[in-house]
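Single-structure report; data block below.
The values are calculated or read from the model by the stated rules, or taken from the named source; none is laboratory data. Just so it is clear, the model here is predicted, and its values are computed rather than measured. All Cβ positions, glycine included, derive from the backbone under ideal geometry; neighbour counts span all protein chains shown. Only protein heavy atoms, including side chains, enter the accessible area calculation; ligands, DNA and RNA are left aside. Shrake-Rupley method; radii C 1.70, N 1.55, O 1.52, S 1.80 Å.
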Amino acid sequence: NAFSDTLLDEVLRQRGIRNVLLAGMVTSLCIDSTGRAAYERGFAVTILSDCSSARTMTEHDFYCKNIFPLYGRSATSKEVLRELVPWIPKACVFEEREALEVLGVTGQRSDIGQCALAAALVADDRN
């Protein structure tokens, strides 16, 4: 869990962040434990289902459909981007390629680009 023995909670609160987007590996371990910890600390939690992965698709789908709704929500990066874009100043909107460059991510897969775009938008919104 990303909150355990770190300053994450303090840093998020100092910056006025109330919503947490989670992505990464492994859906049933790190993502779930970090999501629960964020929820217990009063954050609104969204797990980016297409930017997370588990040991199997069955495990991943089970957590997205049955576990995450207990304390947050599961959404695709495209769904979250559609929600964020109206609220983010035009200057913060990156093209997928630019977002990949900003984050130092290489790859051609669209889902990687969408995750990078979401992360870049959120990171830029903090500045």
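What the table below lists for this structure:
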quantity	calculated
Cut-off under 5 Å, modelled amide H: who pairs with Asp50 long-range	Ser77
Along each principal axis, Cα extent of the stretch 24-82, largest first, Å	30, 27, 18
Whole-Hz couplings from phi, Karplus 6.51/-1.76/1.60, listed for the stretch 43-51; x for Gly and Pro	8, 7, 10, 10, 9, 7, 4, 8, 10
For Pro69, net neighbour charge (Lys/Arg +1, Asp/Glu -1) across residues whose Cβ lies under 15 Å away	0
Amide H contacts of Phe3 (H built 1.01 Å from N, under 5 Å, at least 5 apart or other chain)	none
Largest-first ordering by accessible area, 1.4 Å probe, given options Tyr71, Tyr63, Tyr39	Tyr39, Tyr63, Tyr71
Estimated distance in nm for a label pair at Asp61 and Leu7, the labels positioned 7 Å out from Cα along Cα-to-Cβ	4.3 nm
